[in-house]
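The next block holds one structure in the form of structure tokens; read it before the comments.
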Amino acid sequence: MISYFLLVVYMFLSKLEDVKYQFSDLTVNVFSPNKIVFCLLLLLLGFSFHSLKKIQNIIKDNKKSSNTLGIVQLEVKAKYNQGFRDFIMSVLVPIISSFSITDHAIATFVVLLIVQFVTYKFYVNSSDIFPNVSLAIWGYSIFIGTETKNGHCNGDSGKVWYVLGKTDEIESIILSEQKMVPFGEPEYRNNNIGVILEDK
């Protein structure tokens, strides 16, 4: 989502800076590479935003399922959003700065998709967590916690959990004990992702 947004803004601003460009030209040569790529980026940006809102709704619905999924007591560490800075500097920044999307729109768009796919495959096949930068910007951060009590149906004291919590509540979440609900289906035994329950 961040990549698409930055590229859309870059393409738009580059046309604003071009004194020779007339916006009346939008209706001329509709199927130019730049216009096709711009429309595809807008489409993907819209799809990404829709997916983000869907994830937020799943998180909210998950909190209501505490009776079914169980509640886990956690001791939350001081670490949160690990790997975000490295991800932004090593993936997002090069995508924007290494290629000229206005000069080579289709080539840059294809390379963007390849880089995203390779990055996805890397994270799927590694123990690192995928930094969901968009979700963090939109209000949720990833915290690391250790299970302290047998509060889960498969209680496993000492188990490490990655939990989603409100970004604006970071100060009250870190270095504290929190209750959380496991994220996903109950039969998924290896699940170590959860959502922090908010105080009623």
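Table for the structure above
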{"read-out": "Accessible heavy-atom area order of F143, F117, F84, highest first, probe of 1.4 Å", "value": "F117, F84, F143"}
{"read-out": "Amide N of region 99-130 lying under 16 Å from the label point, which is placed 7 angstrom from the Cα of L42 along Cα→Cβ", "value": "none"}
{"read-out": "Listed pairs K77/K179; K63/K121; K53/K166; K54/K77 exceeding 23 Å between Cα atoms", "value": "K63/K121; K54/K77"}
{"read-out": "Solvent accessible area, Å² - F122, 1.4 Å probe, full protein context", "value": "110 Å²"}
{"read-out": "Ranked order, K121, K15 - accessible area, probe 1.4 Å, largest first", "value": "K121, K15"}
{"read-out": "Inter-label distance, nm, simple model (7 Å from Cα along the C-beta direction), F12/V118", "value": "3.0 nm"}
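The values are calculated or read from the model by the stated rules, or taken from the named source; none is laboratory data. Please read these numbers as outputs of a predicted model, since none were measured by experiment. Glycine also receives a Cβ, built like all others from the backbone with ideal geometry; neighbour counts cover every protein chain displayed. Please note that ligands, DNA and RNA were not included when accessible areas were found on the heavy atoms of the full protein model with its side chains. Shrake-Rupley method; radii C 1.70, N 1.55, O 1.52, S 1.80 Å.
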